[in-house]
Amino acid sequence: MAFRLGSFSDAERYLERAVAINPSRPEVHALRGLNFLRLELVPNARAAFGEALALDPSAPTARSGQAWCAYLDGDPTRARVLL
């Protein structure tokens, strides 16, 4: 809910706790990656998306998030490949 309301710092605290309680949910890692993007923490986002993909290689949010990270890194070619 905090993420949807735009309270990204609050959302990070909840997401961090959710991952600590149950690290096996790729959708939580992917949401955390999106939240890190909103906080402009691209390396953290990339890591969170990587965790999601390690659990579910077909996770669509994590795959598109990795592509967005590549784009933000200035590599649009890699971003297109990742998509």
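Remark: the Cα gyration tensor places the chain in the oblate category, a/c being 1.5 or greater and a/b not exceeding b/c. The range 5-44 and the range 53-83 have Cα centres lying 17 Å from one another.
State the extension gain, in nm to one decimal, for the chain segment bounded by Leu41 and Leu83, taking 0.36 nm per residue of separation less the distance between their alpha-carbons.
On the way: separation 42, 0.36 × 42 = 15.12 nm, distance 2.05 nm.
Extra length from Leu41 to Leu83 when fully extended: 13.1 nm.
Remark: the chain carries 64 Å² of accessible area per residue (probe radius 1.4 Å; ligands, DNA and RNA excluded).
What's the carbon and sulfur percent of the range 8-83's accessible surface, probe 1.4 angstrom, rounded to a whole number? Accessible surface attributable to carbon and sulfur in the range 8-83 totals 55 percent.
What do you get for the angle between helix 42-55 and the principal long axis of the chain? Use alpha-carbon atoms, 0 to 90 degrees, nearest ten. So the inclination is approximately 90 degrees. For the chain, a simple Cβ point-charge model (Lys and Arg +1, Asp and Glu -1, everything else neutral) yields a dipole of about 120 debye relative to the Cα centre. Coupling constants for the range 17-29 follow from the phi torsions by the Karplus curve (6.51 cos²θ - 1.76 cosθ + 1.60, θ = phi - 60°), and in residue order they are 5, 4, 5, 5, 6, 9, x, 9, 10, x, 5, 6, 4 Hz; glycine and proline get x. Each of Ala18, Ala59, Gly33 was placed along the dipole of the chain (beta-carbon charges, centred on the mean Cα), and the one lying farthest toward the positive end is Ala59.
The values are calculated or read from the model by the stated rules, or taken from the named source; none is laboratory data. Just so it is clear, the model here is predicted, and its values are computed rather than measured. Here Cβ is always computed from backbone atoms with ideal geometry, including for glycine, and neighbour counts include all displayed protein chains. In case anyone asks, the SASA skips ligands and DNA or RNA and just uses the protein heavy atoms, side chains included. Shrake-Rupley method; radii C 1.70, N 1.55, O 1.52, S 1.80 Å.
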